[in-house]
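Worksheet: the structure to be examined is printed underneath.
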Amino acid sequence: MDQELKRVQGAKVLDGRMYLSTDIGTKSVYSLDLATAHVEELFRLPIFEGDIRFETEGLAPRELADGGLEMHVERVIDPQAVEGEFDAYPRLYRYVLTDEPAPVPVPATLPLVLSGLAAFGLALRRS
């Protein structure tokens, strides 16, 4: 590998790449190209402030029909952070990675919104 990764908590292989979740300071998820051994940071998970203990755990990547990649990453979070007590809970994060920029949302026009509300109201009256 062209970069050393420490505290790897989960790794999965999909289509010639290994995806790795780490529990280092940045809480990053990486991609390792198995043919070239090149490591790339894909994204960072949120970091909590204060007395909250949290640890990044496993991950599950899957290819989407449009060629994108969906990634679920699990973390264990202990909001109380009291030594000896265990009230932690898992939290699942979902990321979608694509090669294209995200589409810009277009606000609906008022006539379109009103016609949609009218259709919804008509459907409710018929049921």
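The values are calculated or read from the model by the stated rules, or taken from the named source; none is laboratory data. The structure displayed is predicted, hence computed values, not measured ones. So basically every Cβ, Gly included, is an ideal-geometry build from the backbone, and we count neighbours across all protein chains shown. Only protein heavy atoms, including side chains, enter the accessible area calculation; ligands, DNA and RNA are left aside. Shrake-Rupley method; radii C 1.70, N 1.55, O 1.52, S 1.80 Å.
The figures follow:
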{"quantity": "Residue-span extension gain [Asp78 to Glu4] - 0.36 nm each, minus C-alpha spacing", "calculated": "23.8 nm"}
{"quantity": "Charge sum, other residues only, whose C-beta stays under 10 Å from Arg62's C-beta, Lys/Arg counted +1 and Asp/Glu -1", "calculated": "-1"}
{"quantity": "Spin-label pair Thr26/Ala11, simplified geometry with 7 Å Cα→Cβ offset, distance in nm", "calculated": "1.8"}
{"quantity": "Net charge, Glu74 excluded, C-beta distance under 9 Å - Lys, Arg +1, Asp, Glu -1", "calculated": "+1"}
{"quantity": "For the range 3-58: accessible area per residue (Å², 1.4 Å)", "calculated": "56"}
{"quantity": "In the range 14-76, GluC sites (Glu not before Pro) in a DSSP loop with at most 11 other beta-carbon atoms within 10 Å", "calculated": "Glu49"}
{"quantity": "Additional length obtainable on full extension of the chain from Leu64 to Thr98, 0.36 nm per residue less Cα span", "calculated": "11.3 nm"}
